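The values are calculated or read from the model by the stated rules, or taken from the named source; none is laboratory data. None of the values given here were measured: they were computed from a predicted structure. Note that we place each Cβ from the backbone using ideal geometry, even for glycine, and neighbour counts take in every protein chain shown. Note: areas computed on protein heavy atoms with side chains; ligands, DNA, RNA excluded. Shrake-Rupley method; radii C 1.70, N 1.55, O 1.52, S 1.80 Å.
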Amino acid sequence: MNDVKLLPLLNITAESLMIPSEKVAHVQMNNPLEHALLILVKSGYSAVPVLDTSYKFKGTIGKNIILNRILGLERFEMEKLSEVRVDEVVNQTIPCVQKQDDFLTCLKTVIDYPFVCVVDQEGYFDGILTRRAILKQLNKYIHVNKDLFKA
Ligand code: AMP
């Protein structure tokens, strides 16, 4: 854990707060929706990153996207779970940060997202940064430095 007294908040980088790629559940672009739903239900996450076969970050996929895609006029068309692939529904509008990005950049980026992805310059996936990790760090910093915030 960072020592917030020694390490000023603004010097903290995405790298020190991220969950590294090897601990992140993900799915691949060519997986059927069935596989993605299995990963989401088993992990308990509402969304996970989507990677290509070379481990480049491509977007995210969540339970809502999948359920909307298989929703027919009157019923869920379950057969689509095996027919439709992740690359047909992947959400590509998730912002990314890089390992060296500073705390303020990370804070701003996670405002609208429960997590964002950390990628390198070539787009390879390094991990994820959750809003929880950012808020935890901010909370700790404010508590340790309470006096700074008094009028
Ligand atoms: P949390 O702040 O831990 O609730 O995580 C927020 C969101 O980040 C979760 O709902 C998931 O979408 C994603 N997430 C967190 N940890 C992981 C992980 N280890 N693997 C994949 N996705 C994750």
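Answer yes if at least one residue in the stretch 73-81 is assigned to a helix (DSSP H, G or I), within 13 Å of the ligand (Cβ to nearest atom), open to solvent by 40 Å² or more (accessible area, probe 1.4 Å) and basic (Lys, Arg), and no otherwise. No, because not a single residue in the stretch 73-81 is assigned to a helix (DSSP H, G or I), within 13 Å of the ligand (Cβ to nearest atom), open to solvent by 40 Å² or more (accessible area, probe 1.4 Å) and basic (Lys, Arg).
Residues that are modelled with pLDDT of 95 or more, in a helix (DSSP H, G or I), within 13 Å of the ligand (Cβ to nearest atom) and touching a Pro at 6+ places or on another chain (Cβ under 7 Å) are absent from the stretch 107-115. Within the stretch 30-61, the set of residues being within 15 Å of the ligand (Cβ to nearest atom) and among the hydroxyl-bearing types (Ser, Thr, Tyr) comprises 43, 45, 46, 55, 60. The set of residues from the stretch 15-53 being in contact with a strand residue (DSSP E or B) (Cβ under 8 Å, 6 or more places away or on another chain), of a type in the set (Ser, Thr, Tyr), closer than 28 Å to residue 121 by Cβ and surrounded by fewer than 16 Cβ atoms within 10 Å (Cβ to Cβ) comprises just one member, 53. When the residues of the stretch 134-151 are filtered to those that are open to solvent by 20 Å² or more (accessible area, probe 1.4 Å) and in contact with a helix residue (DSSP H, G or I) (Cβ under 8 Å, 6 or more places away or on another chain), the one that is farthest from residue 23 (Cα to Cα) is 149. Only one entry of 68, 64 meets the criterion of being within 15 Å of the ligand (Cβ to nearest atom), assigned to a helix (DSSP H, G or I) and either buried (at least 17 other Cβ atoms within 10 Å of the Cβ) or free of Cβ contacts under 8 Å to residues at least 40 places away in the same chain (or both), and that entry is 64.
Restricting to the stretch 99-119, name every residue that is open to solvent by less than 50 Å² (accessible area, probe 1.4 Å) and either farther than 16 Å from residue 133 by Cβ or of a type in the set (Val, Ile, Thr) (or both). Once the filter is applied, which keeps residues that are open to solvent by less than 50 Å² (accessible area, probe 1.4 Å) and either farther than 16 Å from residue 133 by Cβ or of a type in the set (Val, Ile, Thr) (or both), the stretch 99-119 yields 109, 110, 116, 118, 119.
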